[in-house]
Amino acid sequence: MKHRRVLRAAVTVAVTGALAAGMTMALTTSANAGTTLRASAAEKGRYFGAAVATGKLSTSAYVTVLNREFNSVVAENEMKWDATEPQQGQFRYTGGDRLVSHAQANGMSVRGHALLWYQQQPGWAQNMSGSTLRSAMINHVTQVATHFRGKIHSWDVVNEAFADGGSGGRRDSNLQRTGNDWIEAAFRAARAADPGAKLCYNDYNTDGINAKSTGIYNMVRDFKSRGVPIDCVGFQSHLGTSLASDYQANLQRFADLGVDVQITELDVMTGGNQANIYGAVTRACMNVSRCTGITVWGVRDCDSWRGSDNALLFDCNGNKKAAYTNVLNALNAGPGIPTDPPTDPPTDPPTDPPTDPPTDPPTVGCSASVSLNSWTGGFVASVKVTAGSAGTSGWNVGFTLPSGASVTNTWSATASGSTGTVRFANVNYNGRLGAGQVTEFGFQGTGSASGVTPTCTAS
């Protein structure tokens, strides 16, 4: 199976995501230490998974290790966009169906990877932009999630959408240029298609508290505050010879937002510290009650995308390495997951209410800001609407476009007019905002929108 991955300069960088399926099992009453990864993880209410290339399911040595040690699988490539929709509107599920069948026959759960990613798009999608790509993107999410409905524990809905470096912002891509709300739109479409699946965001170089992981943290916090359906965050953890000292603290801060966290693509460069790093990652997960599982990206060293790094738990003959022993010991020593983990972060009980009414009455109104992605002859505008302290039951945003500019497409709002003064009103699901709450809409146009300033009125 061709992995279609390219190792970047830093071994802590991953090229694609793939969460392994997250089976949150009830705690058993057994006090016996597990003798395999799957048994020990299940005893603690977690999963231990592996990325699988379905072509290797006909290799007996590979399958022996896979079935004995893992209770969760994820497809390396078979569920990505180029594999499942090679021609627009023509879907192919052969590889994904084969993996699901193997998992069901061997007591494994399945994590789906990945509905949307800026890489491994089919050629026809790479040549699209704007509203045409937005429609194709949402249709892809809907069709694929519907096909696997009820068979996938967790979907990696969006993969690697944040940029590297110190900005903490989004990665520029054809998907991002459809409007800044594209990730939210994808999650909403996935929830509608498969209400029972957990919906996750997945990325790399997020192992510690840094600008990139903080950008993702802020997105998740915003989504949770506005009711956008996100259930989990995946940390790929393609590691070199060290582990961030705040690795566990980073997992915990996401868990405190009310989402599950998972280690989704774990592999570690060979060397004197490999076993220690594997053990430390496993202990960190075990110490965070909402860390529901760990997935390694491959089964044996010769199955790994990292070539001579020998980055996995088994050598090419299927023999257990020292790293395996450290992981098993950490699983056996760790605490289990509470039977009913909280779904939202705890809130402090109210103190005595104030005896005097607030001095300032709530402010009725809203504000709006706009960011533009422009190119010669066109643009996409992403507009953020913020409610005043009284909240809104509806909002209306106005723009005066420069001469020659025209609106051609709108999402998450209804447009009145297309040239000159154009107004955008809320749609049924985003008009009612609490005090200070934020929603976004977007529009695409021809010409230039440089210098436009939005005005917002609320009802």
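The values are calculated or read from the model by the stated rules, or taken from the named source; none is laboratory data. Quick caveat, the model's predicted, so the values are computed rather than measured. All Cβ positions, glycine included, derive from the backbone under ideal geometry; neighbour counts span all protein chains shown. Side chains are part of the model used for accessible areas, which takes the heavy atoms of the whole protein and leaves out ligands, DNA and RNA. Shrake-Rupley method; radii C 1.70, N 1.55, O 1.52, S 1.80 Å.
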Exercise. Given a 1.4 Å probe and every protein chain left where it sits, what share in percent of the accessible area of the chain is carbon and sulfur?
Worked result: 50
Seminar exercise, completed: Ranked output for segments 280-293, 117-130 by mean other Cβ atoms within 10 Å, highest leading, reads 280-293, 117-130
For this session: Run the quick spin-label model on A435 and T457: label points 7 Å from Cα toward the beta carbon, then report their separation in nm to one decimal.
Result: 2.5
For this session: Treating the angle as unsigned and between 0 and 90°, give the value, to the nearest 10°, between the Cα long axis of helix 274-286 and the longest Cα principal axis of the chain.
Result: 60
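Computed FRET efficiency, Cβ-Cβ of T132 and T36, R0 45 Å: what is it to the nearest 0.05?
Computed FRET efficiency for T132 and T36 comes out at 0.40.
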Problem set entry | Difference of contour (0.36 nm per residue) and Cα-Cα distance, S167 to S416 | 86.1 nm
Exercise. Over all Cα pairs of region 218-315, how is the pair count split among 10 Å bins, expressed in % and running from 0 up to the last occupied bin?
Worked result: 16, 44, 27, 12, 2
Problem set entry | Theoretical gain in end-to-end length, D246 to I209 [0.36 nm per residue, Cα-Cα removed] | 12.7 nm
Exercise. How big is the Cα convex hull of the chain in projection, averaged over all directions, in nm²?
Worked result: 24.1
Seminar exercise, completed: On each of the three principal axes the extent of the alpha-carbon atoms of region 123-178, given in whole Å and largest first, is 39, 26, 17
For this session: Figure the gain on full extension for D97 and N317 (residue separation times 0.36 nm, minus the Cα-Cα span) and round it to one decimal in nm.
Result: 76.4 nm
Problem set entry | Percent of beta bridges antiparallel (DSSP, the chain, rounded to nearest 5) | 55
Exercise. Can you list the HN-Hα couplings for region 50-57, worked out from phi with the Karplus curve (6.51, -1.76, 1.60; θ = phi - 60°), rounded to whole Hz and with x for Gly and Pro?
Worked result: 9, 7, 10, 9, 4, x, 8, 6
For this session: Work out from phi, with θ = phi - 60° and the Karplus expression 6.51 cos²θ - 1.76 cosθ + 1.60, the ³J(HN,Hα) of each residue of region 447-459, listed in order in whole Hz, and give x for Gly and Pro.
Result: x, 10, 10, 4, x, 5, 10, x, 10, 10, 10, 10, 10
Seminar exercise, completed: Placing each pseudo-label 7 Å from Cα in the direction of the beta carbon, R423 and R226 end up separated by a distance in nanometres of 2.3
Exercise. Can you give the angle from 0 to 90° between the axis of helix 60-69 and the longest principal axis of the chain, with both taken from C-alpha atoms, to the nearest 10?
Worked result: 70
Exercise. Between V370 and N106, what is the spin-label point distance in nm, taking each point 7 Å from the Cα along the Cα→C-beta axis?
Worked result: 5.5
Problem set entry | Interatomic Cα distance distribution for region 132-264, bins of 5 angstrom, percent | 2, 10, 20, 23, 21, 14, 7, 3, 0
